[in-house]
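No value in this document is a laboratory result; all are computed from the given coordinates. All values reported here derive from a predicted model rather than from experimental measurement. Please note: Cβ atoms are built from the backbone with ideal geometry, for glycine as well, and neighbour counts cover all protein chains shown.
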Amino acid sequence: MSYGILLIRVVAGGTLFAHGTQKLFGWWGGGGLRGTGGFFGSLGFRAPLVMAVLAGLGEASGLVFAFGFLTPFVALGMATVMLVAVWSVHRTKGFFSSNGGFEFPLLIGTVAVGIAATGPGRFSIDRALGIDDNLSGLWWGVGAAAVALVVSGFVMTALRTALAAQKAA
């Protein structure tokens with residue numbers, strides 16, 4: 001089981017890390033902060049550059065997730081960013097990512113919450129520090145999912161202009 005959890009953490013975390021560095025630094029064909037900020041502005045977010053930084057950091061934290069450090073807290077950040085992506089960009093495009101749908105962010109967010117619930121496994125920094133038993137379990141997963149829902153709801157309502165909210169509805 002430990003090898004499977006390691007594989008899931010490394011692949012999901014590494015994938016999201018790469019996605020975040022596209023936003024933050026423009027690596028791998030990404031827009032960087034200016035391009036991502038412009039995109040967030042087009043979605044009606046207030047302070048789009050700040051939103052670009054927060055989204056980029058939330059995604060780039062996938063590297064920390066891959067190493068299994070403070071796992072439920074990092075999972076919370078990842079799940080929050082993925083929920084905002086679902087609601088602000090992908091939900092109107094259906095399920096499949098081939099059509100721009102929410103398949104990818106749903107999968108990554110679910111993996112993050114699932115690992116928060118199961119724990120980071122034997123091959124993790126949390127285990128090396130002896131804190132993995134205190135930072136995992138069903139309630140950590142439920143808590144990460146619940147707080148991600150609340151925070152993403154706040155982001156989608158309070159941090160967007162009224163015009164953007166009307167367009168999305």
For segment 83-89, Karplus couplings with θ = phi - 60° (6.51, -1.76, 1.60), whole Hz, Gly/Pro x: 5, 4, 4, 4, 6, 8, 10
Using the count of nearby Cβ atoms within 10 Å as a rough guide to exposure, how do Ser2, Ser42 rank from fewest to most? Ser42, Ser2
Could you run the Karplus curve 6.51 cos²θ - 1.76 cosθ + 1.60 with θ = phi - 60° over segment 102-108 and give me ³J(HN,Hα) per residue in whole Hz, x for Gly and Pro? 8, 4, 5, x, 5, 5, 5
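Using Cα-Cα distances under 8 Å and only pairs 6 or more residues apart, what relative contact order does the chain have, in percent? Show your work: numbers first, answer last.
Working: 291 pairs, mean separation 40.7, N = 169.
Across the chain, relative contact order equals 24 percent.
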Lys, Arg +1 and Asp, Glu -1 on Cβ, resulting dipole of segment 2-168 about Cα centre, debye, nearest 20: 480 debye
Residue-wise HN-Hα coupling along segment 67-72, computed from phi with Karplus coefficients 6.51, -1.76, 1.60 (Hz; x: Gly, Pro): 7, x, 10, 6, 3, x
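For Ile125, Ile108, what's the fewest-to-most ordering of other Cβ within 10 Å of each Cβ?
Numbers: Ile125 15, Ile108 23.
Final ranking by Cβ density, sparse to dense: Ile125, Ile108.
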How much of the calculated P(r) for segment 2-168 lies past 21 Å, in percent of all Cα pairs? 46 percent
Selection from Gly109, Phe65, Gly26, by position along the positive dipole direction of the chain (Cβ): Gly26
